[in-house]
Every structure is written in structure tokens, then in C-alpha cells.
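For reference, the structure discussed in these notes is given below.
No value in this document is a laboratory result; all are computed from the given coordinates. Being a predicted model, the structure only gives us computed values, none of them experimental. Cβ coordinates were reconstructed from backbone atoms using ideal geometry, including for glycine residues, and neighbour counts include every protein chain displayed.
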Amino acid sequence: MKSQWLIILGLLFALLIALFAVSNVEAVEVDYLVGSTSTPLILVIVGSTLIGGLVVGLIGMFRFITLQRKVKQLEKQLEALGQASPQVVKEAEVHNEQDEQQDQGDHGENKSQEAK
């Protein structure tokens, strides 16, 4: 549903740009870094819109590729942790048993000291 709204909004925006461009057909002088030229305003508006869309699209693609690489890296880390998990669980169980034995030993010492 969200993608449908994005398409509809994109089409409405394109329609607005087209109407704006068609209403501005007179020739204008455009100054570039190396010179200038007289071009119809409609071409300047449409060209600027297309270049802007291309820049935004390229930035979006770059961000998407960067995020994909990060996801793959994190998936590899998660897989490595998953493979190490049984060993980590076994070590944790050994430590828990040692802690329980220490706790039982401490309680026994406390009871003998209380009896004195």
C-alpha cells in the first residue's frame, strides 16, 4: 500500500513539473561555467528535474549498497556467534556450576560461624 502511494505522489509531482514547464516556454539565457546559451525554459526545467532525480537516485543506491554490505557483515558475525554458541553455552554452564558450588560452600561457612 505504501509503494502505491509513493507512485501516485511521484506521478502527481511529475504532472506538476510538466504543467509548470509547459507554461514557461520562452527562451532564457543560461550561463554555464565555460559559456552561455539561449535555451527554452521548458528544457531547463525538465533537464534540472531529471538531473536532480538522477542525483537523488544515485545517492539512494549508494546508501542501499552500503546498508546491504553492513547487513551481510552482521549476518556473518551472527553466524560466527551461532557456531561458537554451543561452546559458549558449555563454558557458561561450567561457570554456573562452579558459582553454585561456591555459593553452597559460602552458606555452609556462614552457618558454622553463626553456630559459634
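Placing unit charges on the Cβ atoms of the charged side chains and taking the dipole of the stretch 26-110 about its Cα centre, the candidate lying farthest along the positive direction among GLN98, PRO40, LEU81 is PRO40. Amide H contacts of VAL30: THR37, SER38, THR39, each under 5 Å away and 5 or more positions distant or on a separate chain (H built 1.01 Å from N in the peptide plane; Pro and chain starts excluded).
The slack in the chain from ILE51 to GLN104, taken as 0.36 nm per residue of separation less the alpha-carbon distance, amounts to 11.7 nm.
Placing one equal scatterer on every Cα of the stretch 26-110 and applying the Debye formula, the log10 ratio I(q)/I(0) at q = 0.22 Å⁻¹ is -1.03.
Our summary gives the stretch 26-110 a relative contact order of 12 percent, counting only alpha carbon pairs under 8 angstrom and 6 or more residues apart.
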